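The values are calculated or read from the model by the stated rules, or taken from the named source; none is laboratory data. Quick caveat, the model's predicted, so the values are computed rather than measured. Methodologically, a virtual Cβ is constructed for each residue, glycine included, from the backbone with ideal geometry; neighbour enumeration extends over all protein chains shown. Ligands, DNA and RNA are excluded from the accessible area calculation, which covers all protein heavy atoms including side chains. Shrake-Rupley method; radii C 1.70, N 1.55, O 1.52, S 1.80 Å.
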Amino acid sequence: MSFGLVLSGGSAYGLANAGVLDVFEKHQVQPDVIAGSSMGAIIAALYAVGHDAKTICSLAEELSPLSLVGVSKTPLKGGFHGGMLRQKLEEHLAPLIGDTTIGETKIPFVCVAGRVKKPIAWSKALSSQFLPHIFDTIEPYIFPKETRILDALAASSALPVIFSPIVINGESFVDLCSFGAVPSRSLRSSYHVDVIIGTKTTPVFRRIKPFLPAGLKAFIQGAEESLGKSLAACDLVIEPKLIGSLFDFHKSNVLIEAGRQVTEDMWPEIEKLLQ
């Protein structure tokens, strides 16, 4: 039986995926295909090129917001779409990944991002037309095998407004956020596996949603619906109990352990599914 493992995004929350991998490795179970988005893509890529869970956990524990970001050379160029910060992911990942392409990994790897068809007009965020506008400007994209992994990871992690879009071969890309946080459907369309196991480390914004303007409220609602469809495409979902905020990288040990604990607790169910 073949199975794919899908690691979800969620900034610091996504570090829990390292703990999930640690348990799979402990039980000597390796996915036939691995996919990821944002932080989940970073962890999935490291595993796909051949690094073990211990190495990935060690890297995760070293990360901090200051080590990951810097001020953009042209902050907010062209408005909010231009982003405020630039990523420094390559400084951490280049020694481990180099110029490896997606097609050169030891385990087949699927990475997703949003391809920018035209700049997002964030001025529409207050109007009811914001969600249709997002669908008109951004489309889900699966990176082809010739893409350099470091470029794909930067694109998948380029959170709109926070980070500047990433340009690859003349095209711009951003993080799909909750619209692509669990790329189970992308994995399914790329590889015909029997079983998909996914993780859910993506935050929800139910508490603040009632207080948001109509445009942002519809955006979050649309993201929740898309996330629900992605989770429904999984045969099993591993959901760690996460604390703190999206930017609590200093709690990496706690987040990794949360991923490890829930996966160990669910192992009988996982093992039964894979038999």
- Message: Multiplying the sequence separation of LEU273 and GLU146 by 0.36 nm and subtracting their Cα-Cα distance, what value in nm do you get?
- Response: 42.4 nm
- Among the listed pairs LYS54/LYS241; LYS106/LYS229; LYS54/LYS251; LYS26/LYS241, give every one whose C-alpha distance is greater than 23 Å. LYS106/LYS229
- Query: How far is helix 214-232 tilted, in degrees, relative to the longest principal axis of the Cα atoms in the chain, given as a value from 0 to 90 rounded to the nearest 10?
  - Reply: 20
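Counting DSSP beta bridges with both partners in the chain, what percentage is antiparallel, nearest 5? Show your work: numbers first, answer last.
Working: 14 of 29 bridges.
DSSP beta bridges in the chain are roughly 50 percent antiparallel.
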- In deg cm²/dmol, rounded to 500, what helix-only [θ] at 222 nm does the chain give when every DSSP H run of at least 4 residues adds -39500 (n - 2.57) and the total is split over its residues? -12000 deg cm²/dmol
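Rounded to the nearest percent, how much of the accessible area of the chain (1.4 Å probe, protein heavy atoms only) is carbon and sulfur? Spell out each step's value before the answer.
Working: 6990 of 12570 Å².
Using a 1.4 Å probe with all protein chains present, the chain comes out at 56 percent carbon and sulfur.
Can you give the FRET efficiency for ALA94 and LEU126, using 1/(1 + (r/R0)^6), R0 = 30 Å, r = Cβ-Cβ distance, to the nearest 0.05? Could you put the intermediate results ahead of the total?
Numbers: r = 40 Å, r/R0 = 1.35.
Calculated transfer efficiency: 0.15.
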- Query: Projected onto the charge dipole of the chain (+1 at Lys/Arg Cβ, -1 at Asp/Glu Cβ, origin at the Cα centre), which of ILE162, SER190, ALA113 gives the Cα projection farthest towards the positive end?
  - Reply: ILE162
- Just GLY222, GLY40, GLY98 to compare: in a GNM of the chain, with alpha carbon springs under 10 Å, which one fluctuates most? GLY98
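Using a 1.4 angstrom probe, figure out how much accessible area the chain has per residue, in square angstrom, rounded to the nearest whole.
On the way: 12570 Å² over 275 residues.
In whole numbers, the chain has 46 Å² accessible per residue.
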- Task: Relative to the longest principal axis of the C-alpha atoms of the chain, give the angle of the C-alpha long axis of helix 16-26, reported between 0 and 90° and rounded to the nearest 10°.
- Result: 20
